[in-house]
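First up is the structure itself, then whatever we jot down about it.
Values in this text are rule-based calculations from the coordinates and carry no lab data. Bear in mind that the values here come from a model prediction, so they are computed numbers and not experimental data. A quick note on method: Cβ atoms are made from the backbone with ideal geometry, for glycine too, and the neighbour counts reach across all protein chains shown.
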Amino acid sequence: MALGWINPENYSFNSFLLLERFQIHLMMDSGGWRCEKEEWRYNMGVALNANPIVKEYFMRRCPECKALFEELTASFPSLKEAAEIRKAENYVILSVEDFIIYTTPEHMAAQCDFIRGWNKKHLFTLADLTDKIVLDVGAGSGRLSFAAAEKAAWVYASEPVGTLREFMRDEIATRGIRNIRVLDGLITNLPFPDRTFDVVLSGHVVGDDYDNEIAELTRVCKPDGWLLDCPGDSEGDMVLDKSLTERGWEAIHYVGSFGKDVYCYRKQVNQ
Ligand SMILES: C[S@@+](CC[C@H](N)C(=O)[O-])C[C@H]1O[C@@H](n2cnc3c(N)ncnc32)[C@H](O)[C@@H]1O
């Protein structure tokens, strides 16, 4: 079930106190990723009973899911045994390990395969970024933004998770970078006027709701500008994203640093 990005033993259950409202909502709607739903409900119920401060935070931060928090804590036991509680906490932590690693952005580059294995030359072959106005949607720890800033006039890094925005801002200050601006924003509701950018970048962001997400990326892109999806290298086998190619995106293939096939995608905007 795990991506292998974290060892849950290294994370306190209090890491959930750093989640954004949209993350709590998504986690509660989905019941974690890559896991069995009834198991997830049990483990979340046990973990919340053992961590009333996290439950209180979830209820206040994400009131639309209040009934579900109440239901889970009422349906599952308050365990006494510390080892059993930790087992439940670890299960829940691993079920959303991407959200948990975003609470320690400094560990992302070292532990996420798509960041540590990736070479920025694969971005530069997708489109000419020289002197362009670029948007990086769901910028994360800034893999694509920092690479793009070496060529572009300006890079806007939009990212809905506060810990990641702060990380990028600290890096920008430390490295003395002058052409990246970091701001909040969801892919389905980007805080920019129509036709603003020459190039709109993303990696691991498009895919929950292809039509609405691509419509919003297209809206903020200038006519004849480019949409690029550049996911970085994967240690596992990557499959072609037919949902993108069927919508007119060109797939570009290379063999990545782990010896596995990697696909990037691009589409020129005609509007
Ligand atoms: C796996 S990370 C990839 C980060 C970066 N794009 C990269 O490829 O290095 C996914 C990123 O998408 C962001 N994200 C998640 N849901 C999002 C949404 N609805 N809109 C915009 N960004 C989102 C996450 O906060 C996270 O930074």
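Key figures for this structure:
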{"quantity": "Answer residue from the range 18-62, given it is in contact with a Gly (Cβ under 7 Å, 6 or more places away or on another chain) and farther than 20 Å from Arg165 by Cβ and is surrounded by the most Cβ atoms within 10 Å (Cβ to Cβ) among those", "calculated": "Trp40"}
{"quantity": "Residue check, Ser78 of a type in the set (S, T, N, Q), surrounded by fewer than 16 Cβ atoms within 10 Å (Cβ to Cβ) and more than 24 Å from the chain's Cα centre (by Cα)", "calculated": "yes"}
{"quantity": "Pairs, first closer than 11 Å to Phe146 by Cα in the range 165-180, second aromatic (Phe, Trp, Tyr), C-beta under 7 Å, six or more apart", "calculated": "Asn179/Trp154"}
{"quantity": "Pick from the range 95-149, criterion of a type in the set (Phe, Trp, Tyr) and part of a helix (DSSP H, G or I), ranking: nearest to the ligand (Cβ to nearest atom)", "calculated": "Phe114"}
{"quantity": "Residue pairs meeting the criteria (Cβ under 8 Å; at least 6 apart or on separate chains; first closer than 10 Å to Val199 by Cα and of a type in the set (A, V, I, L, M, F, W, C), in the range 213-233; second within 14 Å of the ligand (Cβ to nearest atom) and assigned to a helix (DSSP H, G or I))", "calculated": "Leu227/Ile214; Leu227/Leu217; Leu228/Leu123"}
{"quantity": "Matching strands (runs of 3 or more DSSP E) fully within the range 153-271 where at least 2 residues are more than 15 Å from the ligand (Cβ to nearest atom) and among the hydrophobic types (A, V, I, L, M, F, W, C)", "calculated": "221-229, 250-255"}
